[in-house]
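Data first, discussion second: the structure below is written as structure tokens.
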Amino acid sequence: MSQNPLRDLPAHGQSVWLDYLSRGLVQSGELARFVADDGLRGLTSNPTIFQSAITGSAAYDDDIRRLSAAGTAPERIFESLAVHDITAACDVLAPVYQESQGADGFVSLEVSPHLAHDAQGTIDEARRLAAAVDRPNLMIKVPATQAGLPAVEALLAEGVNVNITLIFAQAVYREVAEAYLRALETRRQRGQAVDDVASVASTFVSRIDTAVDARLEALLETRPDAADEIRALMGKAAVANSKAVYRIFQDLFASDRFQALAAAGARRQRPLWASTSTKNPAYPSTLYVDELIGPHTVNTMPQPTMDAFRAQGEVQPTVTSDLEYWRSVLERLAALGVDLDEVMDELQADGVQKFADSYDDLLRDLTAKARSLAA
């Protein structure tokens, strides 16, 4: 065991990715230090992250002024800024990609959230972004909506690396994994390589507890007779759901179907635990790291969660531990009338909307900043 628990996670098969990106992070050398000191293996971004980075820093002002003066639309200004930062991050993580022979070192860039229900629009934008960044360790992020799933399959079949995001329900996770398998089978049927396509399935965690806990709190008002049971289940749904997702992952990627692809060099599509900062201060700050450590997984952490785990994390394989208990959590929630399918559907729709709102806010902020800089 090292003195840094983050560096011990790979021994249990888990890669740490950072859930943040800014120009300053790259230019200051801080991202490179995370790689060197913490064993960081990848990075993700989304519209909310870019909104914070671009509007909260002067590092982008010269580019915004130049692009705005040339008459560039706000959407294209943002894309230019994002492509610049993503490309730079890909270059910092290129040694990880090379050392891991293409297993890690990825940086994720999301298509516009307004394309969440437009399959062809998603495909077209993903192709354009992949060409603009032009790095083998780029992943394009696509939400696991009904329109997103066929886009994911088409892009993977073309050889585009895809991070499928906003997965909550176990049934949706299964659809995502099967889309990956079908895409690899398509490539194999075409005589194309399957060993150079990478994908992760981003399963969200903390938002599930926030939503389920709210329903449990409401139940306390109407079911005082079950108060002890209700309180015992608070803060449990997210880990229980993630462990159930991992069971599906194990079954699918141990199947003869995948083994035939693995024989041709195909990689597993790893579950990626997303939204792993605890939203409830009553819960341990490393809860969604501690309970979900295991082979062939990624945990994408915001920097405060990385800092907390570096300081106090305990590394042991947990994602397959106490499965009977965690299965019973889901059964007990259902018995209390908590409709988890409904919760997961609402969370995905809300996630799409939140990213769209952040994107729109970012464009408004960019427009205002461009006017201010011009003045």
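Observations on the structure shown:
- GluC sites (Glu not before Pro) within region 152-189: DSSP coil, no more than 13 neighbouring Cβ in 10 Å: none
- For the chain, the calculated P(r) over all alpha carbon pairs, in 10 Å bins from 0 to the bin holding the longest distance, is 5, 23, 33, 25, 11, 3, 0 percent.
- Amide H contacts of Gly313 (H built 1.01 Å from N, under 5 Å, at least 5 apart or other chain): none
- 3J(HN,Hα) from dihedral phi, region 182-194, Karplus parametrisation 6.51/-1.76/1.60, rounded to Hz, x for glycine, proline: 5, 5, 5, 4, 4, 4, 5, 5, 7, x, 9, 5, 10
- By the compact-protein rule of thumb, 2.2 N^0.38 Å, the alpha-carbon radius of gyration of region 104-147 corresponds to a ratio of 1.14.
- Global size of region 1-122 as Cα Rg and Dmax, reported in angstrom: 16.4, 55
- Alpha-carbon Debye profile of region 237-357, log10 I(q)/I(0) at 0.10, 0.17, 0.19 Å⁻¹: -0.39, -1.06, -1.22
- Structural size metrics of region 195-290, computed from C-alpha coordinates, are Rg and Dmax of 17.8, 57 Å.
- Largest to smallest principal axis extent of the C-alpha atoms in region 291-375, angstrom: 63, 38, 21
- Total formal charge among the other residues, if their Cβ is under 14 angstrom from that of Asp360, Lys/Arg +1 and Asp/Glu -1: -2
- Summed residue charge, Cβ within 12 Å of Asp91's Cβ, Lys/Arg positive, Asp/Glu negative: -1
- Available extension along the chain between His12 and Glu30 is 3.9 nm, counting 0.36 nm per residue and deducting the alpha carbon span.
- Sequence-ordered 3J(HN,Hα) estimates for region 31-44 from the Karplus curve with 6.51, -1.76 and 1.60 and θ = phi - 60° stand at 4, 4, 5, 4, 5, 6, 8, 9, x, 4, 10, x, 7, 10 Hz, glycine and proline given as x.
- Of Thr222, Thr286, Thr297, the one that fluctuates the most in a GNM where the chain has Cα springs shorter than 10 Å: Thr222
- Whole-Hz ³J(HN,Hα) from phi, Karplus 6.51 cos²θ - 1.76 cosθ + 1.60, for region 131-146, glycine and proline x: 5, 5, 6, 6, 10, x, 9, 8, 10, 8, 8, 10, x, 8, 7, 4
- Region 77-157: Cα Rg divided by the 2.2 N^0.38 Å rule of thumb: 1.11
- Largest-first principal axis extents of the Cα set of region 97-227 (Å): 62, 33, 28
- Segment Asp62-Ala218, extension gain: residue separation times 0.36 nm, minus the distance between their alpha carbons: 51.1 nm
- Charge tally for Asp37 (other residues, Cβ to Cβ under 14 Å; Lys, Arg +1; Asp, Glu -1): 0.
- Gaussian network model of the chain, springs between alpha carbon atoms under 10 Å - residue of Tyr246, Tyr60, Tyr288 with greatest fluctuation: Tyr60
- Multiplying the residue separation of Ser2 and Arg76 by 0.36 nm and subtracting their alpha-carbon distance yields 22.2 nm.
- Pairs from Lys243/Lys279; Lys236/Lys279; Lys236/Lys354; Lys279/Lys354 whose Cα-Cα separation, in the structure shown, is over 21 Å: Lys236/Lys354
Quick note: the coordinates plus some simple rules give every number you see, no bench work behind them. What you are looking at is a predicted structure, and each value in this text was computed from that prediction instead of being measured. We place every Cβ from the backbone using ideal geometry, glycine too, and count neighbours over all the protein chains shown.
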